[in-house]
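S.K.: Below are the structure tokens for one structure; questions will follow.
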Amino acid sequence: MSVSVNSAPSAAGSNWPALLALVTGALAMAVSPILVRLSDVGPFASAFYRVFLALPFLFAWMRIEQKRSKAPAPARRFSPAVIATGLAFAGDLFFWHLAILNTTIANSTFFATTAPLWVGLLGWIVLGRRVTAATAVGLVFCLGGGAALVWHSFELSPDHLLGDLFGALTGLFFGIYFLTVERARETEGAAWITFHMSLITAALLALAAAGAWLLYGQPMFPSNAIGWLVLVCLAVISHVGGQGLLSYALGTLPSMFSSLVIFMEAVVASALAWLVFGEAITPLQGLGGLAILWGIWLARPQTRGRKSGKA
């Protein structure tokens, strides 16, 4: 299912389908904290089921994409970029759940939102990309908005240092994930990448979930049908919808801008927490959400190409 990505779209408007996919994917991923909180399994088990239960849906999507494109499958099922993507996403989920267990939710959320910093830094060091002034300003607004969303419960404490480190590693691995997906999309289809990277991620998270179950007694299996339904929704909405649409979008949009749009996940997660759990939204959080939206608008791609050496 090899897909050749056009690096110079014929019109700037051709970015809109990818932008719509990116925003929809961010909204789908925003549902994951709510579903994880509703599940009755351990954090590593929920991360595993999020990926594992998505595999049948991703396989069906891959077969449909292959038939529609009538293109042969790539010579290697697991290219270096796909392997790196699977490892990066496994690291992202693994350290995210470790952060949740070892620091406050606010701290883990804030440090996880540093992913765009790593996308810009690694893109500059490894790929020689320059970040435009508009993107840099947009990043500042997004980071400031993200900090405002968690400020009321953010806490720096020596007791949380290890968890804060895990949160920072979450941001690092998520930043790597953006870059590796973008690289894989140069030669491979979104469904192909998402399915095969999920196989790698699921295998690694299965080890983590089993270890947490055997060593620490964390619940591994849902207690009833409702518990399984929650996990299926987590897999279909947050993984198939979220990661799948993100993979599609990164075939057209720059990784730096895409990582900023993911800040919308924090905005929507706060709104859902208010609607579902009655968690109040403070004026500062409201301003933070507006700052994120403004930062994304400032950083939007202005040129007609997908990648011109600039983020």
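S.K.: Just to verify a result, which residue in region 148-196, among those that are among the polar types (S, T, N, Q) and surrounded by 22 or more Cβ atoms within 10 Å (Cβ to Cβ), is farthest from Thr103 (Cα to Cα)?
M.R.: Applying the filter and picking the extreme gives Thr194.
S.K.: Restricting to region 148-169, give me the number of residues that are at pLDDT 85 or above and either touching a helix residue (DSSP H, G or I) at 6+ places or on another chain (Cβ under 7 Å) or not in a helix (DSSP H, G or I) (or both).
M.R.: Residues in region 148-169 being at pLDDT 85 or above and either touching a helix residue (DSSP H, G or I) at 6+ places or on another chain (Cβ under 7 Å) or not in a helix (DSSP H, G or I) (or both): 7 in total.
S.K.: When you check Ser270 against the structure, is it closer than 26 Å to Leu98 by Cα, at pLDDT below 80 and within 18 Å of the chain's Cα centre (by Cα), yes or no? Working first, answer last.
M.R.: Working: closer than 26 Å to Leu98 by Cα: yes; at pLDDT below 80: yes; within 18 Å of the chain's Cα centre (by Cα): yes.
Against the criterion (closer than 26 Å to Leu98 by Cα, at pLDDT below 80 and within 18 Å of the chain's Cα centre (by Cα)), Ser270 qualifies.
S.K.: So the check is Cβ under 8 Å with 6+ separation or different chains; which pairs have a first residue in region 211-232 that's in contact (Cβ under 8 Å) with a residue 12 or more places away in the chain and a second one that's of a type in the set (Lys, Arg) and buried (at least 17 other Cβ atoms within 10 Å of the Cβ)?
M.R.: Leu231/Arg50
S.K.: Return the residues of region 1-16 that are under 10 Å from Thr252 (Cα atoms) and either touching a Gly at 6+ places or on another chain (Cβ under 8 Å) or at pLDDT 90 or above (or both); say none if nothing qualifies.
M.R.: Val5, Ser7, Ala8, Pro9 - these are the residues of region 1-16 that are under 10 Å from Thr252 (Cα atoms) and either touching a Gly at 6+ places or on another chain (Cβ under 8 Å) or at pLDDT 90 or above (or both).
The values are calculated or read from the model by the stated rules, or taken from the named source; none is laboratory data. Remember, predicted model here, so these are calculated numbers, not experimental data. Reconstructed Cβ throughout: ideal geometry from the backbone, glycine too, with neighbour counts over all protein chains shown.
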